[in-house]
Amino acid sequence: MKLVKAIIRPEKVDDVVDALNKEGFPAFTKIDVVGRGKQGGLRVGEFFYDELPKTMLLIAVNDEDVSKVVEIIKSSAYTGNFGDGKIFIQPIEEAYTIRTGERGI
């Protein structure tokens, strides 16, 4: 199992969630976050924004589905501009459903 962490533009969340759901990945956790990437923020005229709003999606998937989920996120979150986001993949050792005690995702 893997945890896919996708940090994306807030305005692209619905596109990403809809695309994931359409392909059979309906479960996710959404967290509003702030941060900045390699560019170190954004300058607009005399104003400098060093923390930009982003949304982090957490999606637990089976190992064989990681590439598919990553491609779905990349294609549906893409704008072609700086700040489109980042995707991180982490291993999940175990997962349990609290209500049933079932192991796995």
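Let's test the formula: R0 of 22 Å, r as the Cβ-Cβ distance of I31 and E64. What FRET efficiency results, to the nearest 0.05? Once the sixth-power term is evaluated, E becomes 0.25.
DSSP loop (so not H, G, I, E, B), at most 16 other Cβ within 10 Å: list which trypsin sites (Lys or Arg not before Pro) in segment 1-66 pass both filters. Sites meeting the loop and neighbour criteria: R36, K38. For I87, the accessible surface of its heavy atoms amounts to roughly 50 Å² (probe 1.4 Å, protein chains only, rounded to the nearest 10). Rounded to a whole number, what % of the accessible area of the chain do carbon and sulfur atoms account for, probe 1.4 Å? Carbon with sulfur: 51 percent of the solvent-accessible area. Accessible area per residue for segment 28-67 is 73 Å², calculated with a 1.4 Å probe on protein heavy atoms, without ligands, DNA or RNA.
A crude spin-label estimate for the pair L42 and K22, with each label 7 Å from Cα along the Cβ direction, gives 2.6 nm. Taken about its Cα centre, the chain carries a charge dipole of roughly 180 debye when the Cβ of each Lys and Arg holds +1 and the Cβ of each Asp and Glu holds -1. The Rg/Rh ratio of the chain, with both radii computed over alpha carbons and Rh defined as the Kirkwood radius, is 1.04.
The values are calculated or read from the model by the stated rules, or taken from the named source; none is laboratory data. Please read these numbers as outputs of a predicted model, since none were measured by experiment. Positions of Cβ are generated from backbone atoms using ideal geometry, with glycine treated the same way; all protein chains shown enter the neighbour counts. Surface accessibility is based on the protein's heavy atoms, side chains included, excluding ligands, DNA and RNA. Shrake-Rupley method; radii C 1.70, N 1.55, O 1.52, S 1.80 Å.
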